[in-house]
Each structure stands twice: as structure tokens, then as C-alpha cells.
């Protein structure tokens with residue numbers, strides 16, 4: 001495995017107690033964050049001999065979309081209202097890896113067979 005250098009990332013640690021109090025599933029909050037900042041896979045298309053995913057991303061109004069304040073202002077819909085992400089998560093800056101590459105060897109799971117299932 002090859003690991004690239006580290007970089008600063010904005011992280012949102014979701015507060016499960018807060019989401020539970022407001023009746024919002026954690027998965028819903030994660031999906032909104034993903035589609036707002038990373039985009040969602042909309043379709044796939046063929047490029048030469050391989051399939052390539054086409055992601056759709058909502059353009060955020062602020063050019064400084066990577067700071068903690070902007071991320072914390074992301075509105076999460078709850079019933080007929082919207083709540084800023086900062087009320088449902090601790091948004092902060094952290095250090096992390098920029099990329100993780102794995103060798104071509106297959107993944108292994110101890111105690112489980114990863115062979116394809118054939119009926």
C-alpha cells in the first residue's frame with residue numbers, strides 16, 4: 001500500500017444524540033453532505049473500454065466552500081424546516097491523508113470466502 005502526504009481537511013463529526021432528538025437519520029445527514037460537497041453519482045458512461053461515473057454536484061453560493069463556517073451553514077432539511085449542519089455536527093479542521101493506493105492483490109477477509117457465488 002502506498003500512502004501520499006497529508007493535507008488539511010474540514011471534518012463534520014455528526015452528533016448522534018442531536019440527530020436523534022430531531023428525528024433525523026444519520027444516513028440522511030451524510031447523504032446531504034456528500035451530495036453538497038462531493039457530488040452524487042448520476043450515471044455512468046463508456047470512455048474507450050471502461051465505464052466512468054458521472055457525478056453531479058450542487059454549486060454552493062460561497063467560493064470559500066471549504067472553511068468550517070461555510071460547511072457548518074449547510075442547511076439540513078427536517079420536516080418543513082431547515083437546520084444548519086453546525087447544530088447536528090461538530091465541524092472542525094483536521095489533518096489526514098490525501099490519497100491511499102492499494103496494490104493489485106485481492107482483499108481478504110479472515111474466515112470468509114471471497115470467491116464468486118455460483119448457484
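Every read-out reported here was derived from the displayed coordinates using simple, explicitly stated rules and does not represent laboratory data. Just so it is clear, the structure is predicted and the values come from calculations on it, not from any experiment. Neighbour counts run over all protein chains shown; Cβ positions are idealised from the backbone, glycine included.
What FRET efficiency comes out for the pair residue 92/residue 48, r = Cβ-Cβ distance, R0 = 41 Å, nearest 0.05?
Using R0 = 41 Å, I get an efficiency of 0.50.
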* **Three-way shape label, the stretch 1-44, alpha-carbon gyration tensor, a/c 1.5** => oblate
